[in-house]
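Every number in this text was worked out from the coordinates using simple rules, so none of it is lab data. None of these values were measured; they are calculated from a predicted model. Every residue, glycine as well, gets a Cβ built from its backbone with ideal geometry; the counts of neighbours run over all protein chains shown.
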Amino acid sequence: MLMCVCVFCANTFAEDLEFNNTWLRATPPGVSSAAIYGDLINNSDDEEVLVSVTSNVAKRVMLHRTSDERGMMRMMHVDKLILTPGAQESLSPGGLHLMLTGLQQSLTEGERVTVKLHFQSGLEIDASARVGSIAQLDFPEE
Ligand SMILES: [Cu+2]
């Protein structure tokens, strides 16, 4: 019984913040930017604010929001993302995404890319993003 309780605690702690179903598209030759999508979840009782993101494959990662302005798709830089307790924020094509710029390598289908999300509270989470095809529309299932 004691062991069950411990395992439960460990899991609860680890899953305060989650970035699930993380994916991005393969990059065509010569393209040095890519957008990462996924589901960001705050399971904690505290507000968490995403303030920056880093990755092992890109010089810079920014939070962007795509908006449709009279038929013109534009990407706006977003300073921070506030996640209230229990909030779920979907990063998906046509909306919020993490923009990788200055890619140091082209990304091929089946690869994985690591991103680290930094929160104002000091919490950090790592996510492993799966690279889909160039025309991928949602999370590439295996
Ligand atoms: Cu963007």
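What list do you get for His118, His97, His77, His64 if you sort them by fewest beta carbons within 10 Å?
Ordered by Cβ neighbours within 10 Å, fewest first: His77, His118, His64, His97.
With a 10 Å Cβ neighbour count serving as the proxy for reagent exposure, in which order, fewest first, do Ile125, Ile82 appear?
So the residues, fewest neighbours to most, are Ile82, Ile125.
If the elastic network links every pair of Cα atoms under 10 Å, which of Ala87, Ala127, Ala26 fluctuates the most in the Gaussian network model of the chain?
Ala87
Anyone know which of Val53, Val131, Val78 comes out most mobile in the 10 Å Cα GNM of the chain?
Ranking Val53, Val131, Val78 by mean-square fluctuation puts Val78 first.
Quick query: amide H of Leu107 versus all other amide H atoms, modeled in the peptide plane; which residues come in under 5 Å with a sequence gap of 5 or more or a different chain?
Thr27
Can you give the translational diffusion coefficient of the chain in µm²/s, computed by Stokes-Einstein from the Kirkwood radius over Cα pairs at 10 °C and 1.306 mPa s?
In µm²/s, the coefficient rounds to 99.
Relative to the longest principal axis of the chain, what angle (0 to 90°, nearest 10) does the C-alpha long axis of helix 2-14 take?
30 degrees
Looking only at Val61, Val49, Val31, which one moves most when the chain is put into a Gaussian network model with springs between Cα atoms under 10 Å?
Of Val61, Val49, Val31, the Gaussian network model singles out Val31 as fluctuating most.
Give me the dipole magnitude in Debye, nearest 20, for the chain about the Cα centre, with unit charges on the beta carbon: positive for Lys and Arg, negative for Asp and Glu.
720 debye
Rounded to whole Å, give me the distance from the Cα center of the stretch 72-102 to that of the stretch 118-133.
What the calculation gives is 13 Å, centre to centre.
Please list the non-local residues whose amide H lies under 5 Å from the amide H of Thr66, H modeled 1.01 Å from N, same-chain partners needing a gap of 5 or more.
Distant-sequence amide H within range of Thr66: Met76, Gly95, Leu96, His97.
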